[in-house]
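A.B. asks: Take this structure, written in structure tokens, and hold onto it; I'll ask about it next.
The values are calculated or read from the model by the stated rules, or taken from the named source; none is laboratory data. Small disclaimer: the values here were computed from a predicted structure and weren't measured. Cβ coordinates were reconstructed from backbone atoms using ideal geometry, including for glycine residues, and neighbour counts include every protein chain displayed. Heads up: the accessible areas ignore ligands, DNA and RNA and are worked out on the full protein's heavy atoms, side chains in. Shrake-Rupley method; radii C 1.70, N 1.55, O 1.52, S 1.80 Å.
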Amino acid sequence: MVELKNVTVHYRDIGGVDALNNASLRIDDGEFVFIVGESGAGKSTLLKLITKELTPTSGRVFVNGYNLGKIKKRKIPYFRRSIGMIFQDFRLIDDMNVYDNVAFVLRVTNKTRRYIRKRVLDVIDMVKLTDRKKAYPNKLSGGEKQRVAIARAMASEPALIIADEPTANIDPKLSYDIVKLLMQINKELKTTVIMVTHEHSLVEYFGGRTIRLKDGEIIFDGYLEGVVGGDNSDE
Ligand code: ADP
């Protein structure tokens, strides 16, 4: 669950303007939510609050059962592991193959080698890259790279996946497949997904809960119909 209560973020150097102004929202476990808005609307600020990269000027933030204003320092690594991150620039490690890019995040936990091997193969299978598991990132298309990043994000069984413009560097035709994959994960594993995008066509196509930010304010929070049925369905 993600909840913001009357959150304001004021950066000192933007004279008098708030990057986020008294924003409140609640995203329940298992939801799929698009966050949209023009550049400068406050989308990145919102994500940074959720991942605790940023502390609000005022207001409260709760994520996955943690009150981020009160969380103990030693608990932060556990909190972070409850979130899987997906970025527009993929952030894969170039000198590791697909398998190792995914396994890497589990090797820093105290999981057994046997568990890691099974989990890595399972998530690679889920993103349909089993036959590419030994490939290095420079041999993969943008869509394939993002699927590796999705597998990596899922590896530690996070309660929440945050995808920050995941389709920005992908062939538009393949962008739909990336969103479908995120929706499949949301549906089958009940993982909450928050996807930031500025691509209207994707949101219009899939529909579902959409939060629109403008100048630091939530100007819309509701359900859009979508071409495929409005319930974020992938059928
Ligand atoms: P978006 O992700 O929607 O493009 P941001 O959250 O990055 O929007 O930015 C919201 C507002 O806060 C913008 O006016 C931006 O210029 C400002 N801003 C963002 N980060 C900083 C920062 N570190 N220092 C000062 N101003 C910032």
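A.B. asks: Name every residue in segment 196-222 that is over 16 Å from the mean Cα position of the chain (by Cα) and β-branched (Val, Ile, Thr), in order of residue number.
C.D. replies: If the condition is that a residue be over 16 Å from the mean Cα position of the chain (by Cα) and β-branched (Val, Ile, Thr), then Ile218, Ile219 are the ones that fit.
A.B. asks: Moving on. How do the strands (runs of 3 or more DSSP E) wholly within segment 155-235 filter down when requiring 2 or more residues that are surrounded by fewer than 21 Cβ atoms within 10 Å (Cβ to Cβ) and within 16 Å of the ligand (Cβ to nearest atom): which remain?
C.D. replies: Filter on segment 155-235 gives 208-214, 217-224.
A.B. asks: Ile93 versus (1) assigned to a strand (DSSP E or B); (2) among the hydrophobic types (A, V, I, L, M, F, W, C); (3) touching a helix residue (DSSP H, G or I) at 6+ places or on another chain (Cβ under 8 Å): which is the lone unmet condition?
C.D. replies: All conditions pass for Ile93, except number (1).
A.B. asks: Name the single residue, out of those in segment 11-62 being more than 25 Å from Phe206 (Cβ to Cβ), assigned to a loop (DSSP other than H, G, I, E, B) and more than 9 Å from the ligand (Cβ to nearest atom), that is least open to solvent (accessible area, probe 1.4 Å).
C.D. replies: Pro56
A.B. asks: Only residues in segment 53-65 that are hydrophobic (A, V, I, L, M, F, W, C) count as the first member; pair them with residues that are open to solvent by 50 Å² or more (accessible area, probe 1.4 Å), Cβ under 8 angstrom, at least 6 apart or cross-chain, and list the lot.
C.D. replies: Leu54/Lys48; Val61/Lys5; Val61/Lys52; Val61/Gly69; Phe62/Met1; Phe62/Lys5; Val63/Met1; Val63/Lys52
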